[in-house]
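This report refers to the structure that appears directly beneath it.
The values are calculated or read from the model by the stated rules, or taken from the named source; none is laboratory data. Predicted, not measured: the structure shown is a model, and the values here were computed from it. With ideal geometry, Cβ positions are generated from the backbone for all residues, glycine too; neighbour counts draw on all protein chains shown. Side chains included, ligands, DNA and RNA excluded: accessible areas come from the protein's heavy atoms. Shrake-Rupley method; radii C 1.70, N 1.55, O 1.52, S 1.80 Å.
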Amino acid sequence: MAKAEETVLEIDLQALDHNYRYLRSKLRPETKFMAVVKAYAYGSDSVAIAKRLEHLGADYFAVAYVNEGITLREGGITAPILVLHPQKVHFKTLIENHLEPSIYSKAILSGFIATAKELGETDYPIQLKFNTGLNRLGFSASELPEVSTLIQQQSAVKVTALLSHLAATEDANEIDFTTLQLQRFNTICKKADTLFKNRTLKHVLNTSGIINYAQAQYDMVRSGIGLYGYGNQPEIDTELRPVMTLKTIISQKHIIEKGESVGYNRKYKSDHKTITATLPLGHADGIGREYGRGKTYVLIHGKLAPIIGNVCMDMIMVDVTNIECEEGDEVEIFGKNLSANQFAETAQTITYEILTGLSQRIKRVLIN
């Protein structure tokens, strides 16, 4: 693996292979796998990740918004793509790009049927989302008969799948609530089977659901964060491999004398002679100000170097007083040797946020 000469995000496709196969090993052979590649595939490269997963055998992909699905289609992805949060303004484009909408309300259902009719569609595939307790998007169970009637009265769209979203599958303190959600979804599925003429796919499990509630895998599962190397549980993290490693270099070193300050607003003032290194990335790259002031650290030659002072837009400064290093040396922000979990926790946030917040100006490098 080449030494970094600038700020880069390395994307290890072999690690992706490993994670996909590990999650697949928890499933029945016939269970379909929906890979979640929204938000640039959790901050990486959605087309490259989807191509690799399609080659590995992923059955479906999921994105949040229509433009993300279009990017996949333009990148050559032919597998079905579910749009989790479609909006009316994009219905026509969604259909033109052969994407499948997750329909979550009567207004969205009526609007989509109208657009499908306008475009002369017959039996266009849609998926119905039901709210079982997350209370974010989804039909209520009581709306199922009315929704069924509306579906039966037209031929422009056809329900091909039912889904819901679990709230706390990684939390051992919420087993009762997750069990309740699964019971609610099961009731909805049974009722739907009596109302719809065709058989529908069912899917409810996310990454932690695959690990902890595999008995509820139904016809398909969805995985996002697990594919990228994080399982929301320490014992699962050890089984997975981080796909992304964020690296940079040392641009310059400074000797800070006792009483001198570093960075904007002088938020670091040295009480002893200190050596600092300036790194070329900052909050415009997704490393927010909350990571500064000694709370978070990076890895230089296997040693931890705390971020000092305020994080700048394009630079951070780290304390290298006790680390032998030179300008141009490689620095790992997080990844294979310093977990993104650890990095995020220092700022009291979560791995999802640090990964998906990485700026698109960071160079992506695919590692095969």
Per GNM of the chain with C-alpha springs under 10 angstrom, the most fluctuating residue out of T356, T276, T321 is T321
Heavy atoms of E353: accessible area, 1.4 Å probe, square angstrom to 10 = 100
Electrostatic dipole magnitude of the chain [Cβ: Lys, Arg +1; Asp, Glu -1; Cα centre; debye, to 20] | 860
Distance in nm between A214 and K191 label points, each 7 Å along Cα→Cβ, equals 3.2
Inter-part distance where segment 1-64 and segment 233-250 are each reduced to a Cα centre, Å | 14
Compare A15, A114, A39 in a GNM of the chain, Cα atoms joined below 10 Å, and give the one with the largest fluctuation.
-> A114
Listed pairs K88/K117; K129/K190; K3/K295; K258/K303; K158/K191; K129/K158 exceeding 19 Å between Cα atoms | K3/K295; K258/K303
The Cα extents of segment 173-223 along the principal axes, largest first and rounded to whole Å, are 38, 21, 13
Percent carbon-and-sulfur accessible area, segment 151-196, ignoring ligands, DNA and RNA, probe 1.4 Å = 47
Using every pair of alpha-carbon atoms in segment 1-126, split the distances into 10 Å bins beginning at 0 and state the percent of pairs per bin, rounded to integers.
-> 12, 38, 29, 16, 4, 1
Kirkwood calc, segment 119-185, C-alpha pairs only, radius in angstrom 13.5
Give the calculated FRET efficiency between A141 and T78 to the nearest 0.05, with a Förster radius of 51 Å applied to their Cβ-Cβ distance.
-> 0.90
Just the Cα atoms of the chain: what Rg and Dmax do they give in Å?
-> 23.6, 78
Of every Cα-Cα pair in segment 132-242, the percent that sits beyond 16 Å = 62
Exactly which trypsin sites (Lys or Arg not before Pro) in segment 256-314 are in a DSSP loop and have at most 10 other Cβ atoms within 10 Å?
-> K258
Binned at 10 Å starting from 0, the alpha-carbon pair-distance distribution of segment 223-368 in whole percents comes out as 11, 42, 33, 12, 2, 0
Tell me, how many Å apart are the Cα centres for segment 263-293 and for segment 331-368?
-> 18
With the Cα gyration tensor of segment 55-160 in hand, give its eigenvalues times 5 under a square root as the equivalent ellipsoid semi-axes, listed largest first in whole angstrom.
-> 23, 17, 12
Using the heavy atoms of the protein chains alone and a 1.4 angstrom probe, what is the accessible area of segment 38-134 per residue in square angstrom?
-> 39
DSSP-defined beta bridges in the chain - what % are antiparallel, rounded to 5 = 45
